[in-house]
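Right, one structure below, let's go through it.
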2 protein chains.
Amino acid sequence: MTKYEEIANAIRERIKQGTYPVDSLIPDQVSLAKEFNVSRMTVKRAMDILELEGLILRKRGAGTFVKKTALSHGYTASIIEYEGLTKQLSDKEVKSKIISFKLDFPDEEIQKTLMLDKHDPIYKIIRLRIVDGKPYILEHTIMNANLIPGVNEEVLLNSVYKYIQKDLNLKFGGAHRIIGADKASEYDIEHLNCREEDPVLEIEQIVYLEDGTPFEYSKSRNKYDTRTYNITDIR
Amino acid sequence: MTKYEEIANAIRERIKQGTYPVDSLIPDQVSLAKEFNVSRMTVKRAMDILELEGLILRKRGAGTFVKKTALSHGYTASIIEYEGLTKQLSDKEVKSKIISFKLDFPDEEIQKTLMLDKHDPIYKIIRLRIVDGKPYILEHTIMNANLIPGVNEEVLLNSVYKYIQKDLNLKFGGAHRIIGADKASEYDIEHLNCREEDPVLEIEQIVYLEDGTPFEYSKSRNKYDTRTYNITDIR
DNA sequence: CAGTGGTCTAGACCACTTT
DNA sequence: AAGTGGTCTAGACCACTGA
């Protein structure tokens with residue numbers, strides 16, 4: 001733990017506890033530097049973190065204020081998770097049903113999105129995620145099979161993301177998402193407990209490793225009244 | 001323009017131009033510090049920017065690499081804009097039709113989301129946004145009328161966000177968004193050229209000023225096949 | 001004009017990777 | 001062991017705000 005992280009944690013805690021109330025001025029950097037026995041630069045770095053988290057507002061010449069929103073939406077709300085459903089809904093019972101699991105070659109579209117050659121193998125997976133016994137999300141996934149080898153039934157029935165991070169020791173680097181609405185498909189009607197007239201929320205995503213290599217393209221579909229996608233966006 | 005911004009710009013340009021190719025090592029910080037005649041800390045600050053933009057990957061002990069995705073999705077793609085439709089679609093003709101424009105008091109729900117008292121005035125606005133002559137988005141907006149005074153027909157027919165930033169000289173501080181799918185409502189069918197069975201994509205949002213005061217709650221609805229919501233999310 | 005936060009430096013030491 | 005990026009310092013100067 002670095003000094004600036006420790007200071008950021010300490011000040012974040014003071015904001016949460018109300019020691020530094022919403023809308024009030026925080027002590028200036030020189031005072032804080034004295035209090036924590038560090039240089040002012042280090043205090044500033046701590047403030048950089050809290051600013052990114054949306055907790056404070058800095059005004060040159062005036063001082064540093066606690067934002068009105070500091071208490072309402074938690075500071076981690078802005079971070080989109082890569083842990084997959086299994087961890088996102090850790091208080092619920094998440095199960096998976098494999099609808100289809102094939103090896104194939106990519107078409108031209110997928111070759112482009114996943115940076116693949118014509119003869120690089122891919123997994124084609126269709127999985128139904130079941131939460132507390134109810135069908136929840138229907139996932140259509142295409143994955144680079146050279147990058148993510150060894151995917152099997154056991155992995156698919158648990159968490160693929162955990163497998164990639166823990167067993168393969170790979171790190172995620174980001175994702176691109178496209179969110180839209182669609183009419184229910186035959187698949188949706190069969191597996192998601194949808195009627196023909198029920199809208200479906202679809203999240204398309206390309207997920208990257210830390211060096212920028214795309215390893216997965218997927219479409220997650222769910223019945224319109226079961227899930228929303230939330231974003232907290234600062235500044 | 002600060003030195004670290006100038007260095008970040010210069011290096012970003014080299015990445016875009018291919019001087020530093022994708023997947024290659026960038027010169028080390030000491031060399032760059034010499035080249036630009038600055039201290040190493042300043043080079044590091046420039047790198048901080050490029051890392052946030054998702055252009056580079058830094059490995060302690062190894063060096064700094066250009067990410068594979070550095071060229072594909074532009075570095076500004078990760079930033080969600082507050083400029084409203086008028087600027088987002090600046091190459092298209094954006095018009096607005098005011099469906100309804102009222103003053104009212106907030107109900108309990110809105111009192112909570114917009115941090116208002118029972119007797120604080122609010123605008124209730126329903127606007128249809130028309131792009132290239134076609135109905136595009138139906139916006140239901142509730143706005144704090146004390147914070148954003150002087151909204152009138154002229155403002156509504158142009159850009160409300162421009163009015164807030166330019167004329168009122170207020171700065172935005174972030175937003176919270178909830179994206180979901182829904183069935184078409186009577187309003188949608190009447191104004192969005194929807195059929196009863198057409199799904200609708202809805203984006204609910206609360207928008208904040210820089211000190212964290214919420215000033216607007218809105219729902220933007222559009223026909224399922226006319227618009228998606230895109231997010232680039234780094235790390 | 002005093003006080004705030006932002007930038008920048010020159011140098012030290014540390015953690016880590018690669019050879 | 002050499003070289004990389006990360007942290008931290010003590011101090012300087014600057015830009016801006018508010019009384």
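Would you point out which residue out of A:Asp225, A:Asp198, A:Asp233 is at the interface with chain B (Cβ under 10 Å from one of its Cβ atoms) and modelled with pLDDT of 95 or more?
A:Asp198
Specify which of the listed residues (A:Glu154, A:Glu204) is among the charged types (D, E, K, R) and at pLDDT 95 or above.
The match here is A:Glu204.
In segment A:201-224, what count of residues is obtained for those that are in contact with a helix residue (DSSP H, G or I) (Cβ under 7 Å, 6 or more places away or on another chain) and either β-branched (Val, Ile, Thr) or not in a strand (DSSP E or B) (or both)?
First, pick out the residues of segment A:201-224 that are in contact with a helix residue (DSSP H, G or I) (Cβ under 7 Å, 6 or more places away or on another chain): A:206, A:214, A:217, A:221.
Filter once more, so that each one left must be either β-branched (Val, Ile, Thr) or not in a strand (DSSP E or B) (or both): A:206.
Residues in segment A:201-224 being in contact with a helix residue (DSSP H, G or I) (Cβ under 7 Å, 6 or more places away or on another chain) and either β-branched (Val, Ile, Thr) or not in a strand (DSSP E or B) (or both): 1 in total.
Do we find that A:Asn193 is in contact with a Lys or Arg (Cβ under 9 Å, 6 or more places away or on another chain), more than 14 Å from chain B (Cβ to nearest Cβ), surrounded by fewer than 18 Cβ atoms within 10 Å (Cβ to Cβ) and assigned to a loop (DSSP other than H, G, I, E, B) in this structure?
yes
Taking A:Gly150, is it part of a loop (DSSP other than H, G, I, E, B) and surrounded by fewer than 19 Cβ atoms within 10 Å (Cβ to Cβ)?
Considered against the rule, which asks whether it is part of a loop (DSSP other than H, G, I, E, B) and surrounded by fewer than 19 Cβ atoms within 10 Å (Cβ to Cβ), A:Gly150 comes out as yes.
Collect the residues in segment B:22-53 that are over 24 Å from the mean Cα position of the chain (by Cα), within 13 Å of another protein chain (Cβ to nearest Cβ), more than 8 Å from DNA strand D (Cβ to nearest atom) and not in a helix (DSSP H, G or I), keeping them in residue-number order.
Matches in segment B:22-53: B:Val22, B:Asp23, B:Ser24, B:Ser39.
May I ask you to verify whether B:Leu71 is at the interface with another protein chain (Cβ under 10 Å from one of its Cβ atoms) and modelled with pLDDT of 95 or more?
When the stated conditions are applied, B:Leu71 does not pass them.
The values are calculated or read from the model by the stated rules, or taken from the named source; none is laboratory data. Not measured: the values here are computed from a predicted model. Neighbour counts run over all protein chains shown; Cβ positions are idealised from the backbone, glycine included.
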